[in-house]
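Data first, discussion second: the structure below is written as structure tokens.
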Amino acid sequence: MLTPEENDLLCRVEGDAPMGRMMRRYWIAACLIEELPEPDCDPVRVRLFGEDLVAFRDSEGRIGLVDEACPHRRASLFYGRNEECGLRCLYHGWKFDVDGNCVDMSSEPSGTGFMEKVKIKSYPVKEWGGFVWTYMGPAETMPEFVPPHFAPTENTNVAIFKVVIDANWAQGLEGAIDSAHSSSLHSTDMPPAAAVGGSTATGTAWQRPSTDKSPRLVTQSTNYGFQYAAVRRPIRNADVNDYVRVTHFIAPHHVAIPPNNVYNVAQMNVPIDDTHHNLYIMAWSESGGVSTEAWRKFTGTQLGIDLDKNYRKIDNKTNNYGQDRRAMRLGNFTGIKGFPNQDIAMWESMEPMAERWMEKLGASDLAIVEFRRRMVDAVKAFMQGAEPPRLTPAQQVSVRAFEGMVPKSADWRTLGGAHDADARAAE
């Protein structure tokens, strides 16, 4: 159980909060590439760790991520003109390039040298795997950008949905490492089926070969976070086999989720501020997979249908997430469309920042406890000068979640990827 002080240490990311400072040492997803589709397109507001920024794609296709406030009179650059390789403030016409340099001051006399002295805060960016990534930490500690585990190559097929969540980042991430909840909350969308040998995707559901709602959990610490297995009793051949799902938590806010027969799944919960975050869930495959359109339709996250143009839910707390009680009486477990929206209803119902010291945890919460311990310990060590936990470049392309039927004698730690002897910080 976390104390209130530890809960703040885990959850708070704004200003000088230690967790926010540690997370800035990673390459972070700022927005989707689809939000900046072409040169001189509309600018996009980006808020990360409580900091207000603007992203824009200039006339040559380069992306800038800069402070939203113009350094002149602090007016918002979001309303600015994106033209001729720069973002021009509407108030007095000051213009900035993607590196934050002031390249025009129409309100000031020329030849004074004032323009060369003005620079706006800007952050480096990298486009990869459907995302615009940024590094917001000290320049001298910036690591080389390494492709994320869910997009190891430029040719990886990555389907993504994005939703703005009105709750702290840790509440969403804990949902991704809570294997037990799927057997209840998602039981309509992830039903048991005796005919399948593993998680099997159809157009409307992910079928699973187990009715066991109380998995046995086992965890192991790693240099990048931890991995854990949820071991369930299968419907068939339960005397010799287990149904095992292996999940990886990858600091600071990535989760490699057990796949199905068509695609792998990953999740990121990127902090906007202390009480909001961006949820991204990726369906990815190095061959085949699923289209973004089909992925968003299946998950109930289509723009203009389920979400507004700013990726906010149309069904939300104000209308009970569109919950259909009649459908519940007819057999739908939650009455809420789409498994992500079922999760979101639970996360947001905990209030913007959950009071974790009030919880009553059980055996099924072992991975939750491990996540909290690992991240609180990591941020405490960071405050003392230690490096944040992270994947090595080799692990970045080898770490894999796993699900399937295995003999009872199998060692779950050998399932999936990133199993080199030096990959784990055994405790």
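The values are calculated or read from the model by the stated rules, or taken from the named source; none is laboratory data. These numbers come from a predicted model, not from an experiment. Note that we place each Cβ from the backbone using ideal geometry, even for glycine, and neighbour counts take in every protein chain shown. Each accessible area value is taken on the protein alone, full model and side chains, heavy atoms only, with ligands, DNA and RNA left out. Shrake-Rupley method; radii C 1.70, N 1.55, O 1.52, S 1.80 Å.
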query: Could you list, in sequence order, the residues of the range 130-148 that are surrounded by 21 or more Cβ atoms within 10 Å (Cβ to Cβ) and either more than 23 Å from the chain's Cα centre (by Cα) or farther than 23 Å from Arg21 by Cα (or both)?
result: Gly130
query: Hey, among Thr334, Thr392, which residue is of a type in the set (Ser, Thr, Tyr), at pLDDT 95 or above and out of contact with any Lys or Arg (no Cβ under 9 Å at 6 or more places or on another chain)?
result: Thr334
- prompt: If you take the residues of the range 402-427 that are surrounded by fewer than 13 Cβ atoms within 10 Å (Cβ to Cβ) and outside any loop (DSSP other than H, G, I, E, B), which of them is modelled with the highest pLDDT?
  reply: Pro407
task: Please work out which residue is farthest from Asn341 (Cα to Cα), limiting yourself to the range 292-305 and to residues that are more than 19 Å from the chain's Cα centre (by Cα) and in a loop (DSSP other than H, G, I, E, B).
output: Gly304
field: Evaluation of Gly113 against (1) surrounded by fewer than 17 Cβ atoms within 10 Å (Cβ to Cβ); (2) under 30 Å from Ile368 (Cβ atoms); (3) more than 22 Å from the chain's Cα centre (by Cα) (one fails), failing number
entry: (2)
- request: Examine the range 57-76 for a residue that is touching a residue at least 12 places away in the same chain (Cβ under 8 Å), within 30 Å of Ser398 (Cα to Cα) and in contact with a strand residue (DSSP E or B) (Cβ under 9 Å, 6 or more places away or on another chain), and state whether such a residue exists.
  value: yes
task: Quick one: count up the residues across the range 218-253 that are part of a strand (DSSP E or B) and either of a type in the set (Lys, Arg) or open to solvent by 20 Å² or more (accessible area, probe 1.4 Å) (or both).
output: 7
Tally of residues being modelled with pLDDT of 95 or more and open to solvent by 20 Å² or more (accessible area, probe 1.4 Å) across the range 344-354: 5
task: Identify, by number, the condition in (1) under 29 Å from Asp324 (Cβ atoms); (2) assigned to a helix (DSSP H, G or I); (3) small (Gly, Ala, Ser) that Ala354 doesn't meet.
output: (2)
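When the range 290-309 is examined, which residues are found to be surrounded by 13 or more Cβ atoms within 10 Å (Cβ to Cβ) and basic (Lys, Arg)?
Arg296, Lys297, listed by residue number.
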field: Residues that are open to solvent by 50 Å² or more (accessible area, probe 1.4 Å) and closer than 29 Å to Gln207 by Cβ, drawn from the range 376-401
entry: Arg400
- request: Within the range 95-133, count every residue that is touching a Lys or Arg at 6+ places or on another chain (Cβ under 8 Å), among the β-branched types (Val, Ile, Thr) and in contact (Cβ under 8 Å) with a residue 60 or more places away in the chain.
  value: 1
message: One residue is enough: does the range 145-156 have a residue meeting the conditions over 26 Å from Met268 (Cβ atoms) and touching a residue at least 24 places away in the same chain (Cβ under 8 Å)?
response: no
query: Looking only at the range 73-91, which residues are in a loop (DSSP other than H, G, I, E, B) and open to solvent by less than 60 Å² (accessible area, probe 1.4 Å)?
result: Ala75, Gly80, Glu83, Cys85, Gly86, Cys89
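Tally the residues that are under 19 Å from the mean Cα position of the chain (by Cα) and not β-branched (Val, Ile, Thr), restricting the search to the range 317-349. Write out each step before concluding.
Here is the first cut: in the range 317-349, the residues under 19 Å from the mean Cα position of the chain (by Cα) are 338-348.
Still in the running and not β-branched (Val, Ile, Thr): 338-343, 345-348.
Residues that pass the stated criteria total 10.
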- prompt: Given the conditions (1) in a loop (DSSP other than H, G, I, E, B); (2) free of Cβ contacts under 8 Å to residues at least 24 places away in the same chain; (3) not acidic (Asp, Glu), which single one is not true for Ser187?
  reply: (2)
message: Quick test of your reading of the structure: Val196 fulfils all but one of (1) of a type outside the set (Asp, Glu); (2) in a loop (DSSP other than H, G, I, E, B); (3) in contact (Cβ under 8 Å) with a residue 40 or more places away in the chain. Name the failing condition by number.
response: (3)
task: Can you tell me which residue within the range 23-71, out of those that are in contact with a Cys (Cβ under 7 Å, 6 or more places away or on another chain) and part of a loop (DSSP other than H, G, I, E, B), is nearest to Trp94 (Cα to Cα)?
output: Cys70
- request: Check off (1) open to solvent by less than 10 Å² (accessible area, probe 1.4 Å); (2) not in a helix (DSSP H, G or I) for Lys360 and give me the number that stays unchecked.
  value: (1)
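Okay, residues lined up against (1) basic (Lys, Arg); (2) assigned to a loop (DSSP other than H, G, I, E, B); (3) open to solvent by less than 20 Å² (accessible area, probe 1.4 Å):
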{"residue": "Val270", "(1), (2), (3)": "no, no, yes"}
{"residue": "Leu279", "(1), (2), (3)": "no, no, yes"}
{"residue": "Trp284", "(1), (2), (3)": "no, no, yes"}
{"residue": "Gly288", "(1), (2), (3)": "no, yes, no"}
{"residue": "Tyr311", "(1), (2), (3)": "no, yes, yes"}
{"residue": "Asn320", "(1), (2), (3)": "no, no, no"}
{"residue": "Ala327", "(1), (2), (3)": "no, no, no"}
